[in-house]
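Structure first, then comments.
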Amino acid sequence: MKTKKITFIDLVSKYKPFVEQFHKDLDRVLASGTFILGQEVLRFEESIKHSTKTAGAIGVGNGTDALILCLKAMNIGPRDEVITTSMSYLATASSIALVGATAVCVDIDNSLNLDPDKIEAAITPQTRAILVVHLSGIPADVDQIMKIASRHGLPVIEDCAQAFGAEISGQAVGTFGRLGTISFHPLKNLGTLGDGGIILAQREEDIRWLEQARNHGHKNRDECDFWSINSRLDELHAAFLNTMLEYYPEEVKRRQRLADIYKLELKGVVKFPLVPPGAKPSFNWIMMLVDQREELVKFLAEQGTELKIHYPCLMPDLKSAVKNCRVHGSLKNSRNMVKKIISVPAAEHISESDVRYICEQIKNFYAKTPLILNNTH
Ligand SMILES: Cc1ncc(COP(=O)(O)O)c(C=O)c1O
């Protein structure tokens, strides 16, 4: 088979279809003379409210600030605990640590997300919230998590940094809990040309507080009700996001089609994270569980295909986690799965024939090493 080069990400290709419109966006913002909290941000917030059917959408500087502001909106701070997953990008845990609280990392289920069955045992008198992540855009079992949260009177924050556009039974992720956060980092499905984020909020008092909290705590130009950070979505990023948002639903469907091909082609060869019933993932990337991971990565790299691992280290195992982070339980599933996870290309530059080509390579690899595969699967 002839080899070809397939990178995991290609940001030049991602933005290529929008270049002409981006120049118009820049001209429009320049001509407006408003660069912070103007019409572009308002329009983007309105569109997000409409598409997610939520009461409030508050544009902020990035997905990490979004999480920090949500925790602060719930008045979470020192001596408080927040239950979260052990498998996520580190910002999930660091945002909890950065408000002075402790991230209590619990095990994952077969969707690679927070396992609802492990939550109750981790609740202590210090527990103040549950922070659930929809890893790679596959929704967590929020139905169960919301039931547990309401039984214990705990608010839920949904970290949808990787999951904008994912749904469960037609409802957007980020709208199940009290607050939801989204990142528009360039590597996210809907990524701007820099940093950006948004918070989805249901309650009027949260919306009002967050609108002030992203803007120093200002009530108006001259009055300030409380000290807060400066974390606003810029007009220029909002303008770019407004342009791309229109095409976003098609992009999610395209990724779902690629995931279907991977699943069909690799049935019985690798395993896939469980997608909860009724859930439609947005697939920020497509994850698999594989044996002989390092050898597979090397084999595919030799054929020109780049794979990634999201993430090679559990959050509580990071060096930084000595502060304000602890585990609950053995994390048996997490520790097993962190050795098997792999992410395969599915970004904008990847075609259906690329996916078939990658699947062929994976099948070739296991055809050469059948004994070990059969023993460990
Ligand atoms: C799960 C998760 N949470 C939070 C963040 C933080 O988002 P940002 O990079 O926009 O600060 C990320 C970004 O990678 C993420 O993947």
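None of the figures in this text is laboratory data; all of them are computed from the coordinates on show. If you're wondering where the values come from, they're calculated on a predicted model, not measured in any experiment. Neighbour counts run over all protein chains shown; Cβ positions are idealised from the backbone, glycine included.
In a reduced charge model with +1 at each Lys and Arg Cβ and -1 at each Asp and Glu Cβ, the chain shows a dipole moment near 940 debye about its Cα centre.
When only alpha carbons are used to place a centre, the range 297-356 and the range 54-108 end up 21 Å from one another.
Helical runs (DSSP H, four residues minimum) scored at -39500 (n - 2.57) apiece and divided by the length of the chain put the mean residue ellipticity at 222 nm at -11500 deg cm²/dmol.
The simple spin-label model puts a point 7 Å past each Cα toward its Cβ; for residue 360 and residue 152 those points are separated by 5.1 nm.
Rg/Rh, computed from the Cα trace of the range 13-245 with Rh as the Kirkwood radius, has the value 0.98.
In this label model, residue 90 and residue 295 are separated by 3.2 nm, measuring between points 7 Å along each Cα→Cβ vector.
Equivalent ellipsoid of the range 1-131: semi-axes from √(5λ) of the C-alpha gyration tensor, largest first, are 36, 25, 13 Å. Dipole of the range 249-376 computed with +1 at Lys/Arg Cβ and -1 at Asp/Glu Cβ about the Cα centre; of 279, 262, 318, farthest Cα towards the positive end is 318.
Remark: 315, 288 ranked as 288, 315, counting other beta-carbon atoms within 10 Å and listing the fewest first. Evaluated with a Cβ-only charge set (Lys, Arg +1; Asp, Glu -1), the range 211-301 carries a dipole of roughly 480 debye about its Cα centre, given to the nearest 20. Using Cα atoms only, what is the angle between the long axis of helix 19-32 and the major principal axis of the chain, expressed in degrees (0 to 90) to the nearest 10? Roughly 10 degrees between the two axes. When Rg and the Kirkwood radius Rh are both evaluated on Cα atoms of the range 249-376, their ratio Rg/Rh stands at 1.00. In nm, give the distance between the simple-model label positions of residue 13 and residue 368, each being 7 Å from the Cα along the Cα-to-Cβ direction. Output for this residue pair reads 2.4 nm.
For the chain, modelled as a GNM whose springs connect Cα atoms under 10 angstrom apart, the maximal fluctuation among 65, 222, 107 occurs at 222.
Taking a straight line from the alpha carbon of residue 332, these lysines sit under 23 Å away, with near neighbours fewer than eight places off in the same chain left out: 118, 271, 308, 319, 323, 340. Between residue 3 and residue 35, full extension at 0.36 nm per residue minus the direct alpha carbon distance yields a gain of 6.8 nm. Largest GNM mean-square fluctuation among 196, 177, 304, using the chain with Cα springs under 10 Å: 304.
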